[in-house]
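Only one structure is covered here, and it is reproduced in the block below.
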Amino acid sequence: MYVETAGGVHSPAPSGTTQADCYRPLLLPTVLIGDSRLGGISSTISAYESLLLRGYSIDAVLLFHDDYYRTGQYLRPYFEARGIFLTTIPPPPPRLPDTAENLEFTQKYYDSIIGQEDINAVVERLDLCHAGRIQQLESMPRRALDTIWWPFVQHGLVRENDVTVIDSAYSDFFSVSNKSESNNPSSKKSILSPQFDGSASWWTQVLGHAHPSLTLAAARASGRYGHVMFPQAIHLPALKLAEKLIRDGPGKGWASRAFFSDNGSTGMEVALKMAIRAYSSLHGERLSKEARKELGVLGLKGSYHGDTIGAMNACEEGVYTCEWHNAKGYWLDPPTVGVSEGQVIIKLPKSLGMHTQNAVSLAWVYDVEGRLRTPLAHAYVKYFNRILPSLKGRLAALVLEPLIMGAGGMLFVDPLFQRLLVDTVRNRGSGCLTTWSGMPVIFDEVFVGLNRVGVTSSGPLLGVHPDISVYAKALTGGLVPLAVTLTSKSIFEAFLSDQKGDALLHGHSYTAHAVGCEVANEALALMEKISLCDDWVSAKASWAKLGGSESCMWSLWDPNFIMAISNLPNVEETMTLGSVLSIRVRDQTGGKAFRHCKCRCLHSLQDIHRILPKWC
Ligand SMILES: Cc1ncc(COP(=O)(O)O)c(C=O)c1O
């Protein structure tokens with residue numbers, strides 16, 4: 001495919017975006033036509049940098065020869081130093097007023113440059129770049145198998161053909177190399193094909209891959225700061241982000257401090273250190289040194305908080321834990337919510353001694369305040385009171401993934417259960433106070449936080465705020481790693497004294513990385529805009545109609561769509577909240593039939609597929 005652009009990389013395309021953005025999804029090999037006139041050095045370099053920021057690879061730069069400004073003479077070493085071929089060609093003759101004469105002279109000009117050494121060199125160079133790119137794509141699986149140690153992968157089971165080679169990514173799609181096409185020279189099919197990023201790259205890409213505003217923010221901050229160390233220092237991106245998160249983000253109304261780290265796991269490690277120290281400071285005198293070291297957490301079965309050892313210790317033993325794992329705590333069986341055959345159900349664990357219950361609607365389930373005095377609420381509290389007293393003194397924090405346990409299998413926990421658990425461990429009626437009591441409460445919002453479930457944080461849905469909460473993944477729109485642990489004033493004060501040893505002596509080399517913070521500020525601003533867009537407003541309205549306008553529960557998927565899916569014969573259960581849609585497929589023949597079953601199920605969804613809304 002050959003696309004010739006005109007007017008410069010930022011001149012608008014018919015869609016209104018600049019040409020550089022418009023053609024980006026194609027990511028074609030690019031020849032940059034530079035400007036040889038006065039100011040041409042600057043405009044050529046600016047165009048080149050604009051293309052680089054968007055991921056284009058420039059295979060050659062061409063410009064007209066000019067003996068007066070000698071732009072080519074300056075730019076050739078500039079581009080050569082960057083491994084880019086540059087050549088100049090003679091300029092065309094001036095335009096003549098007579099059309100026939102103009103045509104004749106122009107044709108002569110073309111005839112004179114065709115076959116010229118410089119032009120041939122460009123063509124050869126483009127062929128070379130193309131062949132090199134294909135060779136690179138073809139060789140990558142083998143080279144990866146020889147050098148990379150992948151996460152979560154049993155290398156003994158992977159062959160070259162199993163390796164996905166990602167040439168680039170944009171919006172919701174990877175551009176992947178088609179192994180069969182690159183091995184078949186007679187094929188006319190593209191060597192690259194789009195592949196939908198079904199897991200949004202481990203739930204990070206809430207704004208889509210390579211969002212131009214985010215890549216620009218990253219460049220802006222790296223140009224201004226690079227990386228700067230953080231203790232007792234401040235830069236604007238980190239300060240703005242902390243203020244935003246605390247005053248007008250998930251920390252609004254309860255948080256007073258933001259502690260930055262690198263990813264969800266480290267954010268959780270920080271949260272655990274904060275909570276356990278705060279608990280020890282308050283109750284430590286009653287505990288021996290050994291007992292303090294053994295303090296654990298209260299959590300839910302199926303929870304996940306990351307793969308670093310401390311984060312793993314806050315979860316039960318499982319296939320992903322390791323020899324050093326030392327599960328410290330107690331994990332309760334959670335009741336879950338789902339829609340099956342058009343009926344909203346609350347599945348109760350055996351330990352509660354009750355059967356599955358039908359609920360009026362999803363809006364009713366998430367009206368936690370309205371359910372506080374129901375028989376189920378009494379049963380939950382009775383269950384807590386049966387288990388928790390025997391654990392007293394051994395547990396130092398309640399750690400929850402509020403609303404949804406993602407990695408544990410997209411389990412939508414009954415919000416009433418989590419709300420009452422928080423109230424019980426705090427041993428006080430309302431969760432709105434900012435001084436922690438009983439045990440500090442940690443909300444791991446790495447998955448659910450920042451609009452994934454339709455609200456910035458789960459506090460308003462549960463009707464209770466945490467003492468500590470953690471955000472990562474969506475925080476930077478998935479562009480760069482960054483995590484933040486928010487805390488209340490009373491947790492912060494547990495570390496406050498005139499002794500250095502009492503401080504939170506924890507940090508990472510890249511704590512509060514300026515690039516991450518700047519990208520996060522941009523991502524939050526974009527998310528805010530999306531949350532006001534027509535798609536979101538109308539989706540909220542369609543759920544409000546069902547549940548009364550008081551409900552904060554809503555989904556980007558239409559309520560009728562959810563009911564329709566839940567009635568499909570091969571769907572066991574479905575559930576939705578915000579942007580999350582979970583479909584549990586019925587598999588009556590054991591694991592082997594799962595793939596077949598999944599295909600059939602998805603096939604039957606084809607008719608209603610078109611009503612799936614876009615997030616952004
Ligand atoms: C709830 C939750 N907490 C923590 C983590 C760990 O985050 P990371 O992979 O960024 O370390 C994850 C990752 O999926 C998660 O879902």
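The numbers here are math on the coordinates, done by the rules we state, and not lab data. These numbers come from a predicted model, not from an experiment. Virtual Cβ from ideal backbone geometry, glycine too; neighbours counted across all protein chains shown.
Data table
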quantity: Pairs of Cα atoms farther than 24 Å apart, region 492-588, %; calculated: 55
quantity: Histogram of C-alpha separations across region 111-230, 10 Å bin width, %; calculated: 10, 25, 30, 24, 9, 2, 0
quantity: Amide H contacts of residue 338 (H built 1.01 Å from N, under 5 Å, at least 5 apart or other chain); calculated: 345, 347
quantity: In order through region 497-512: 3J(HN,Hα) via Karplus (6.51 cos²θ - 1.76 cosθ + 1.60), integer Hz, x for Gly, Pro; calculated: 6, 9, 10, 4, x, 7, 6, 7, 8, 9, x, 10, 3, 9, 3, 6
quantity: Extended-chain gain in nm, criterion 0.36 nm per residue less alpha-carbon gap, residue 224 and residue 3; calculated: 76.1 nm
quantity: The chain: radius of gyration over Cα atoms, expressed as a fraction of 2.2 N^0.38 Å; calculated: 1.16
quantity: Size of region 19-129 as Cα extents on the principal axes (Å, biggest first); calculated: 43, 31, 27
quantity: 485, 44 arranged by Cβ crowding within 10 Å, fewest neighbours leading; calculated: 44, 485
quantity: Between helix 40-53 and the chain: long-axis angle, C-alpha atoms, 0 to 90°, nearest 10; calculated: 40
quantity: Neighbour-count ranking [beta-carbon atoms within 10 angstrom, fewest first] of 166, 442; calculated: 166, 442
quantity: Relative counts (whole %) of C-alpha pair distances in region 57-178, using bins that are 10 Å wide; calculated: 10, 25, 24, 19, 14, 7, 3, 0
quantity: At 0.692 mPa s and 37 °C, Stokes D of region 334-480 from Kirkwood alpha-carbon radius, µm² per second; calculated: 204
quantity: Relative contact order of the chain, pairs being alpha-carbon contacts under 8 Å that are 6 or more residues apart, as %; calculated: 13
quantity: Between 0 and 90°, nearest 10: helix 212-224 axis offset from the chain longest Cα axis; calculated: 90
quantity: For q = 0.12, 0.22, 0.25, 0.26 Å⁻¹, Debye-computed log10 I/I(0) when each Cα of region 213-291 counts as one equal scatterer; calculated: -0.53, -1.20, -1.28, -1.29
quantity: Per-residue ³J(HN,Hα) for region 95-100, Karplus 6.51 cos²θ - 1.76 cosθ + 1.60, θ = phi - 60°, Hz, x for Gly and Pro; calculated: 5, 9, x, 7, 4, 5
quantity: Under 12 Å, Cβ to Cβ, from residue 485 - net charge with Lys/Arg +1 and Asp/Glu -1; calculated: -3
quantity: Cα-derived Rg to Rh of region 352-421, Kirkwood definition; calculated: 0.98
quantity: Per-residue [θ]222 nm for the chain (sum of -39500 (n - 2.57) over DSSP H runs n ≥ 4, rounded to 500); calculated: -11000 deg cm²/dmol
quantity: Value in Å of the Kirkwood radius, where region 261-344 supplies the Cα pairs that are averaged; calculated: 14.6
quantity: Kirkwood-Stokes translational diffusion coefficient of region 1-78, alpha-carbon pairs, 25 °C, 0.890 mPa s, µm²/s; calculated: 187
quantity: Magnitude of the charge dipole, the chain, Cβ model with Lys/Arg +1 and Asp/Glu -1, debye to 20; calculated: 2260
quantity: Lys/Arg +1, Asp/Glu -1 at C-beta; the chain dipole; positive extreme among 556, 88, 282; calculated: 282
quantity: Cross-link reach list, lysines versus residue 529, counting only Cα pairs under 20 Å and skipping chain neighbours closer than eight places; calculated: 240, 244, 252, 473, 540, 614
quantity: Along principal axes, Cα extents of region 238-529, largest first, whole Å; calculated: 52, 52, 39
quantity: Furthest towards positive pole of dipole, 57, 151, 14, structure part the chain, Cβ charges; calculated: 151
quantity: For residue 332, residues with placed amide H under 5 Å, excluding near neighbours; calculated: 299, 300, 301
